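Structure first, then comments.
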Amino acid sequence: MRRIALLTFSAVIALSSLPAHAGEAERARQAIAEAQGKIDAGDKAGANGDAALLQTQARDALQSAKDRLNRGRKEEAITDAHHASELADRAIVVSQNRKVGEQRAETRDAVAAAAAAQQNAAAANNRADAAQQQAMTAQQQADANAQAAAAANAQADALRNAPPPPPAPATTTVTTVDKRVVTPAHTTKRKVVHHPATVTDKTTVTTTTTPN
């Protein structure tokens, strides 16, 4: 009778402990499922770099949780599953931060590209204005040259069509030349006779020039 009582008491204890073991197993399965969902979300987010390393560690922890649950080590399985969830969460945060950084970098690049494009457009407008001004100056110079050429042609035509000038009148030139001719005095040996020197003046030369 004592043996039967002991067996009955052991059975009661075993039956009373079943809900607790069943509850730990369920908690382990829920923790594993939660970790699996986070890892899948990280894969869909496209984890790379540090996030990819965290994803790998999360998978290893999740696999350890599954193995321990299969061996009946439910508490350890729950711990590993929670660790896998934490790693998966960190991977998601790192991946999101990376994407935010990339988006900010893309925004900065877009702003810089827009500013550069605006500067290039302004420079192009300045070059276009300068080219237009040069074209206007060249056109003005061409017009001035054309006007000068027309004036020169008109003057040449006027010279060709003008009547010949009248002949120039005859020019008479009167030249006065002072010429003194001195005749020396005659002397003799015996008797000195002085004759005064004779001076002759020839004065006027007339020259008449007639144009051809």
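Derivation of every value follows stated rules applied to the coordinates shown; laboratory data play no part. Note that the coordinates shown come from a computational prediction; the quantities given were computed from them, not determined experimentally. Don't worry about glycine lacking a Cβ; one is built from the backbone with ideal geometry, like all the others, and counts go over all protein chains shown.
Here are the numbers for this structure:
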read-out: Hits among aspartates and glutamates - C-alpha to C-alpha of K44 under 19 Å, sequence gap 8 or more where chains match; value: E34, D60, E86, D89, E102
read-out: Cα-centre dipole for region 25-170 with unit charges at Cβ (Lys and Arg positive, Asp and Glu negative), debye to 20; value: 380 debye
read-out: E76 versus Q147: modelled label distance in nm, points set 7 Å from Cα along the beta carbon direction; value: 10.6 nm
read-out: Equivalent ellipsoid semi-axes, region 55-164, via Cα gyration tensor eigenvalues times 5, rooted, Å; value: 92, 10, 4
read-out: Mean separation of Cα contacts under 8 Å (6+ apart) over length of region 10-169, as relative contact order %; value: 21 percent
